[in-house]
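Here's the structure, in C-alpha cells; my notes come after.
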Amino acid sequence: MNFLVDAQLPRRMTGWLTDSGGDAIHTLDLPESNRTTDDQVIEVADREQRVIVTKDADFVDGHILHGRPARLC
C-alpha cells in the first residue's frame, strides 16, 4: 500500500509505514515541501494511488463531500 504522510505528522511515520511493508512519502519529500497546498497533496496522492495519512479535517470534509482525496486515513 502507498501512503502520503501530511505535514502535521512526523516524518518518522514514513519509516514505520515502510518498515511495515508499505511505500511512504512525507510532504517534506514533495517539491514544495511543507508549503505544498492541500490540492497539490490530493493531486499527488490520487495520481500515485496513495492513502493520505492526516489529522487535517479539511481532507476529511473533501473526502466526504467531494470524494477527494480518493483514499484517506
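Here are a few things to note about the model shown:
- Within segment 39-73, tally of residues that are touching a Lys or Arg at 6+ places or on another chain (Cβ under 8 Å), closer than 18 Å to Met13 by Cα and of a type in the set (D, E, K, R): 2
- Any chance Thr18 is of a type in the set (Val, Ile, Thr), buried (at least 19 other Cβ atoms within 10 Å of the Cβ) and within 13 Å of Leu4 (Cα to Cα): no
- Residue tally, condition closer than 13 Å to Asp6 by Cα and not hydrophobic (A, V, I, L, M, F, W, C), over segment 44-70: 6
- Checked against the criterion of being in contact (Cβ under 8 Å) with a residue 12 or more places away in the chain and of a type in the set (Lys, Arg), the candidates Arg50, Arg35, Arg12 yield just one match: Arg50.
- In segment 40-59, residue nearest to Pro69 (Cα to Cα) [restricted to those that are under 11 Å from the mean Cα position of the chain (by Cα) and exposed (fewer than 14 other Cβ atoms within 10 Å of the Cβ)]: Gln49
- Counted as qualifying within the chain are the helices (runs of 4 or more DSSP H) with 1 or more residues that are modelled with pLDDT of 95 or more, namely 12-19, 38-47.
The values are calculated or read from the model by the stated rules, or taken from the named source; none is laboratory data. Keep in mind that what you see is a predicted model, and the values were worked out from it rather than measured. Backbone-built Cβ (ideal geometry, glycine too); neighbour counts: all protein chains shown.
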